[in-house]
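Coordinate-derived values only; no laboratory data. This structure is a prediction, so every number in the text was calculated from the model and none was measured. All Cβ positions, glycine included, derive from the backbone under ideal geometry; neighbour counts span all protein chains shown.
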């Protein structure tokens with residue numbers, strides 16, 4: 001083999017190697033471009049899906065907000081209507097008392113009957129009847145102390161907190177400056193408890209009459225209970 005043919009074969013090998021190297025470069029470039037384009041399309045698709053989701057959430061929030069505005073408008077209208085029906089604090093307090101008694105189990109029909117029978121001007125006959133009884137404490141020596149009015153129609157009993165002496169020990173008598181509880185007990189077990197600091201005022205309506213009580217501090221351990229009967 002001559003030197004010229006060897007040289008030409010060497011040139012052909014180099015040319016083939018360069019062509020193959022270029023082909024591989026083109027192949028790698030094509031694959032990379034394809035992967036990049038695919039990744040780009042996926043990214044665009046994901047971004048578009050997120051945009052759709054956020055738009056859907058936004059539309060839902062707007063819809064809920066509009067619904068809340070409608071409901072708030074209805075609530076405001078209801079409040080305004082109630083405000084017109086309850087023009088002052090006295091009537092609001094009366095409604096609150098009726099609601100409280102109903103929640104405590106008092107029959108609504110009974111309350112309606114009582115309210116329906118009340119006249120504009122109450123007629124109170126006779127004077128007041130006053131009795132005293134002991135307000136018991138946790139360290140009282142008495143087992144019970146009550147005062148009954150109108151032949152046992154209404155019986156009163158009370159409990160309070162002991163007076164603390166200078167040595168820090170509780171005494172048997174109650175502290176007149178602290179809250180006490182007076183129980184108004186009717187035949188059959190019907191009972192109304194009133195709590196607060198003295199003096200206390202409470203009305204009992206039974207048997208077509210109103211009995212107005214006032215409870216004031218008496219001598220040590222005692223309270224004075226006065227009552228007046230008024231026709232409804």
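Order these by the 10 Å Cβ neighbour count, fewest first: 211, 38.
Details: 211 20, 38 10.
The order, fewest Cβ neighbours first, is 38, 211.
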Practice task
Would you indicate which of (1) 0.97; (2) 1.72; (3) 0.99 is the value of Rg/Rh (Cα atoms, Kirkwood Rh) derived from the coordinates of this structure?
Solution key: (2)
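Just order 180-186, 135-141 by mean Cβ neighbour count inside 10 Å, highest at the front, would you? Don't skip to the answer; put the middle values down first.
On the way: 180-186: 18.3, 135-141: 16.7.
Top to bottom by mean Cβ count within 10 Å: 180-186, 135-141.
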Completion exercise
Largest fluctuation, 53, 12, 192 only, Gaussian network model of the chain with Cα springs under 10 angstrom, belongs to 12
Exercise for the section: Note the angle between two axes, namely the Cα long axis of helix 3-85 and the longest principal axis of the Cα atoms of the chain, as a number of degrees from 0 to 90, rounded to the nearest 10. Expected result: 20 degrees
Handout entry: Max mean-square fluctuation residue, GNM over the chain, Cα-Cα springs under 10 Å, options 55, 69, 24
Key = 24
Problem - Most fluctuating residue given options 157, 77, 147, as computed from a GNM of the chain linking Cα atoms under 10 Å - result: 77
